[in-house]
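Presented below is the structure to which this report refers.
The values are calculated or read from the model by the stated rules, or taken from the named source; none is laboratory data. A quick note: this is a predicted structure, and the numbers were derived from the prediction, not measured. When we count neighbours, we look across all protein chains shown, and the Cβ atoms used for this are built from the backbone with ideal geometry, even at glycine.
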Amino acid sequence: MTISFLLLAAITIAGTAAAMSLRNLVHCVLALTLGLVGLAALYLQLGAQFVGFTQILVYVGAVAILAVFAIMMTRSAEPTEPHGSSSFQLSGALIAGIVFAVLAWAVSSGTKALQVQTLQPEASVNQIGVALMHGFVLPLEVIGLLLTAALIGAGVLAMDETRGAR
């Protein structure tokens with residue numbers, strides 16, 4: 001393992017752990033965005049440029065920003081009041097520990113049996129982009145319009161709630 005991998009893994013884990021533990025919803029989404037950026041950087045380090053750039057464009061550039069706007073328009077930035085100690089914390093920690101142990105065992109036993117080969121991708125990012133912009137222009141535009149309509153709809157719903165409260 002290289003230093004850059006360990007650094008990116010630490011950033012990803014820290015961002016996602018902060019997203020699960022913070023009380024403020026805006027801070028949770030921003031921490032999740034940090035985790036998604038770290039994951040995209042890991043994809044890029046592994047040589048999966050298309051998946052890494054798609055992760056950045058779709059999740060960081062669209063989903064995370066849309067979530068921030070939706071939270072900021074529909075809720076206050078005040079942290080929610082703690083409900084005290086939950087009875088599910090122990091069972092959740094136990095299940096998380098078991099899942100981590102199984103995944104760690106699978107990764108450690110799986111890497112011993114496999115020989116690592118780096119294959120060159122059959123299609124470059126440029127070829128995939130050309131295919132998307134020539135063969136799939138209509139679906140891309142429809143998805144863009146659908147996301148824009150969802151954002152405008154969230155804004156309209158947030159405005160109606162504030163007008164009715166006056």
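Conditions (1) in a helix (DSSP H, G or I); (2) basic (Lys, Arg); (3) at pLDDT 80 or above, marked per residue:
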| residue | (1), (2), (3) |
| --- | --- |
| THR118 | no, no, no |
| ALA123 | no, no, no |
| ALA131 | yes, no, yes |
| HIS134 | yes, no, yes |
| ILE143 | yes, no, yes |
| LEU146 | yes, no, yes |
| ALA149 | yes, no, yes |
| ILE152 | yes, no, yes |
| ALA158 | yes, no, no |
Discussion item. Can you pull out every residue in the range 17-66 that is of a type in the set (Val, Ile, Thr) and farther than 25 Å from GLY92 by Cα?
Written reply: VAL37, VAL51, THR54, ILE56, VAL58, VAL60, VAL63, ILE65
Worksheet item: Residues in the range 1-34 that are within 21 Å of PHE69 (Cα to Cα), part of a helix (DSSP H, G or I), touching a residue at least 12 places away in the same chain (Cβ under 8 Å) and not aliphatic (A, V, I, L, M): how many?
Response: 3
